[in-house]
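Participant: Just passing along the structure, written as structure tokens.
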Amino acid sequence: TAFDLVIRNAKLCTAADVFETDIAIKDGVVVCLGKKLAKGTREIDAKGRTVTPGGVDAHCHLDQPLAPPARMADDFETGTRSAACGGTTTIIPFAAQEKGQSLIAAVEDYHQRAGDLSCIDYSFHLIVSDPTPEVLDRELPELIAKGYSSFKIYMTYDDLKLDDGQILDVLDIARRHGALPMIHAENSDCIKWLTKRLKARGHTAPRYHADARPAIVEREAAHRAISLAELVDVQLLIVHVSGIEAIEQIQMAKARGVNIHAETCPQYLFLTAADLGLDGEYEGAQCVCSPPPRDPENQKHVWRGLENGLFSVFSSDHAPFKYDDAAGKKPNGCEVDFDHIPNGIPGLETRLPLLYSEGVLTGRIPVTRFVELTSTNPAKLYGLYPRKGTLAIGSDADLVIWGDQPVTITNDALHHAVDYTPYEGRVLGAWPAYTVSRGEVVWDGKQYTGRKGHGEFIARSRPFQEITDDQ
Ligand code: URP
Ligand code: ZN
Ligand code: ZN
Ligand code: ZN
């Protein structure tokens, strides 16, 4: 019987190799690689263009309930559609526990939210905000064993943060049950103290968000998080690292042999604090995220960390809030103080094209490293490999065929439900010409061709231990 889909003349790039091949797909899986493969029911000629494994976005927020009026603009339908049109074929958003809520109830709630809305495969990280004895002794171990093999904890945000003793407790559960903990490292009390002082001086514009969360606040928390992980003897992933101060802490930890992984995001390569605007300007609220974007010197250090192996993972941290919306950055048309602007920026769709264009096409990073950062490493760390994160016989047929024409980013052309992109007007060297999710074309370079319900929940294994961190 014929293959379902054959992609001809691919320049197939994995984290390890680049080679010319046809790719044959049957029942959503890669079944043959080689030249002159038999016919497929559908055929696509890649014409020698680069083909990479579909993106795995291991850090994105969809449909998380928040304190009113804030509401996330993307649900699992618009969020996954947007991801697919930018080359991402697997997402790991969060199932967040509210204080006082059972962790298992939180997970059930998020499964309801995902329903059958997703057009690409998805899994969930847990967010542990209330580590009661019940959560530590029963719920968390049970959920880890059931395929929720990673969880995020916070050192800041009143409704989420844990104190150091609680952090030690949950890190110890991660160690004993083989889960991967992720941490948001910013010092909460420093942020509060700086915020109060800024506001007392009348500094309320979005730009002061950056002054309330300077790099030292991230550096101190990163150092402390590393120390706590070292004490417990567990691996730890530090999410959304913004610049040199936290990078240095990670470098020192790795040099000591501590098993620390680090993630960064497009906003720390392409935005700076200047994007938060000047005094009296409010539009910079669009770029308010935590940690805040820094300066060009820090961008250079983040690029270096992508080049030299300091970072294992490149994620979007997609946090979708509209700008001009009752539930968004400018609630009911009000220019609120910086500390009341919902945190986070959209980026599911632009993550891969930004790094491919500005990293690979400019020669900053090899395409193999691009694949490692955006697909292979997140798949390995979060227990999805080798089903996801590579293109090999037996892997899911999740892939991107890259276009070779320049594209200007405009929000009108994106597929999320957010009313802006921080990257409006930026010219990229390429955009995906096709995205394929388990053998189905979900983006054909012009249109979304996927369907909601195609995406399946994936229960994940424990972290794949042989991940190669070069440092
Ligand atoms: O500002 C951000 N990053 N918002 C999303 C939530 C988080 O802390 O990752
Ligand atoms: Zn965070
Ligand atoms: Zn420097
Ligand atoms: Zn986040």
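Participant: Give the range 391-412 a look and list any residue that's surrounded by fewer than 24 Cβ atoms within 10 Å (Cβ to Cβ) and either of a type in the set (Lys, Arg) or touching a helix residue (DSSP H, G or I) at 6+ places or on another chain (Cβ under 9 Å) (or both), or say none.
Facilitator: 406, 407, 409
Participant: A further question on this structure: Out of all the residues in the range 142-159, which are charged (D, E, K, R) and either within 13 Å of ligand 4 (Cβ to nearest atom) or in contact with a Pro (Cβ under 9 Å, 6 or more places away or on another chain) (or both)?
Facilitator: 152
Participant: I'm trying to understand the selection: among the residues of the range 120-175, which are assigned to a loop (DSSP other than H, G, I, E, B) and within 16 Å of ligand 2 (Cβ to nearest atom)?
Facilitator: Correct list: 124, 128, 129, 155, 156, 157, 158, 159, 160, 162.
Participant: When residues of the range 116-150 are filtered for being closer than 20 Å to residue 74 by Cβ and either surrounded by fewer than 17 Cβ atoms within 10 Å (Cβ to Cβ) or at pLDDT below 95 (or both), how many remain?
Facilitator: 1
Participant: Also, quick follow-up: Within the group 205, 222, which residue is crowded, with 18+ Cβ neighbours inside 10 Å and within 26 Å of residue 324 (Cβ to Cβ)?
Facilitator: Being crowded, with 18+ Cβ neighbours inside 10 Å and within 26 Å of residue 324 (Cβ to Cβ) holds for just one of 205, 222, which is 205.
Participant: Same structure, new question: Does residue 110 meet the test of being surrounded by 15 or more Cβ atoms within 10 Å (Cβ to Cβ) and part of a helix (DSSP H, G or I)? Let's see the steps before the verdict.
Facilitator: Working: surrounded by 15 or more Cβ atoms within 10 Å (Cβ to Cβ): yes; part of a helix (DSSP H, G or I): yes.
So residue 110 passes the test.
Participant: For the range 419-449, give me the residue count where each residue is assigned to a loop (DSSP other than H, G, I, E, B), touching a Phe, Trp or Tyr at 6+ places or on another chain (Cβ under 7 Å) and closer than 13 Å to residue 81 by Cα.
Facilitator: So the count comes out to 2.
Participant: Is there any pair with a first residue in the range 32-61 that is within 25 Å of residue 150 (Cα to Cα) and a second that is among the aromatic types (Phe, Trp, Tyr) whose Cβ atoms are under 8 Å apart and which are 6 or more apart or on different chains, and what are they?
Facilitator: Matching pairs, first to second residue: 56/382; 58/382; 61/94.
Participant: What is the number of the single condition among (1) within 16 Å of ligand 1 (Cβ to nearest atom); (2) in contact with an Asp or Glu (Cβ under 9 Å, 6 or more places away or on another chain) that residue 264 does not meet?
Facilitator: All conditions pass for residue 264, except number (2).
Participant: I've got another one for you. Mind checking which residues of the range 239-259 are within 16 Å of ligand 2 (Cβ to nearest atom) and assigned to a loop (DSSP other than H, G, I, E, B)?
Facilitator: Passing the criteria: 239, 240, 241, 242, 243.
Participant: Could you list, in sequence order, all residues of the range 195-232 that are assigned to a helix (DSSP H, G or I), charged (D, E, K, R) and either touching a Lys or Arg at 6+ places or on another chain (Cβ under 6 Å) or over 18 Å from residue 289 (Cα atoms) (or both)?
Facilitator: Answer for the range 195-232, where residues must be assigned to a helix (DSSP H, G or I), charged (D, E, K, R) and either touching a Lys or Arg at 6+ places or on another chain (Cβ under 6 Å) or over 18 Å from residue 289 (Cα atoms) (or both): 196, 197, 199, 220, 224, 230.
The values are calculated or read from the model by the stated rules, or taken from the named source; none is laboratory data. All of these numbers come straight from a predicted model, not from anything done at the bench. So basically every Cβ, Gly included, is an ideal-geometry build from the backbone, and we count neighbours across all protein chains shown.
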